[in-house]
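Here's the structure we're looking at; comments come further down.
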Amino acid sequence: MTDAVAAISDDGARLATEEVRDLSDLDMDDLISAAHDAIALDGGFGWLRPPAHSIMRQYWRGVLLIPERRLFVARLDDTICGSVQLHFSSAQNEAQRLVGRLSTFFIAPWARGRGLGSRLLVHAEATARESGLLALELNLRATQERARQTFEARGYKNWGINPHYARIEGRWVSGYSYSLSLIDGEGEDGGDGDGGGDSHGDGDGDDEGGGER
């Protein structure tokens, strides 16, 4: 599922998600700006504060070069405002070749409240199924309560807690491990939130973020 999936919101805004395999300079700048805004507000996908523009550019360019990763972006009126990555296991990891992982899931603060996070999840999950994956997994910081609620509403199951998941400002922060079965009858989709992993929410109950990198 690589084509863009588009819709029009109630207020006439154009909403879309798509898988990207290359980024124009404009799209790259928009992605970096959106990630910067999200990290600055809440922290996210491993960073505690926004890194330099050049580091972010290097990171996203690197993502596009990794064969085992697929990058999906959300657009609001054609401007990139969020992302999620779908990771596949390497060829050497035969035992987990049917299990994918989600990371860097976020929506910029100015684009929240429109369900774009949920649309990103739907797109990534559909691609995972079409690619033959049977399950997805991700990790979230314990501090991301609304993110956890969003994933749980979509059927992701919390199967474990790591008390030493992250070290922030001299304190340990626990992490939660989640999985979702993609086999019909074993998982249950639901929820319309702008879901998220590690961070990023607004005041109306929507939340965007991402599993760690």
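The values are calculated or read from the model by the stated rules, or taken from the named source; none is laboratory data. On a predicted model such as this, the values are computed, not experimentally measured, just so you know. Note that each Cβ is placed from the backbone with ideal geometry, even for glycine, and that neighbours are counted across all protein chains shown. When the accessible area is computed, the model is the full protein with side chains, heavy atoms only, and any ligands, DNA or RNA have been set aside. Shrake-Rupley method; radii C 1.70, N 1.55, O 1.52, S 1.80 Å.
Assuming charge only on the beta carbon of Lys and Arg (+1) and of Asp and Glu (-1), the dipole of the range 73-166 about its Cα centre is about 220 debye to the nearest 20. Between Ile55 and Asp77, the contour length at 0.36 nm per residue exceeds the Cα-Cα span by 5.3 nm. Surface calculation, 1.4 Å probe, protein heavy atoms: Tyr176 sits at approximately 40 Å² accessible.
A simple spin-label model places the labels of His164 and Ile66 2.4 nm from each other, with each point 7 Å out along Cα-to-Cβ. The alpha carbons of the range 29-84 give a radius of gyration and a Dmax of 11.2, 31 Å, in that order. With no solvent and one equal point scatterer per Cα, compute the Debye intensity ratio I(q)/I(0) for the range 1-131 at 0.09, 0.15, 0.21 Å⁻¹ and report its log10, rounded to two decimals. Evaluating at q = 0.09, 0.15, 0.21 Å⁻¹ gives log10 I(q)/I(0) of -0.25, -0.70, -1.29. For the range 146-185, the equivalent ellipsoid derived from the alpha-carbon gyration tensor has semi-axes of 26, 11, 6 Å in decreasing order. Local charge sum around Asp77 (other residues, Cβ-Cβ under 13 Å, Lys/Arg +1, Asp/Glu -1)? Taking every other residue near Asp77 into account, the sum is 0. With the convex hull constructed from alpha-carbon coordinates only, the range 99-193 shows a mean projected area of 6.6 nm² over all directions.
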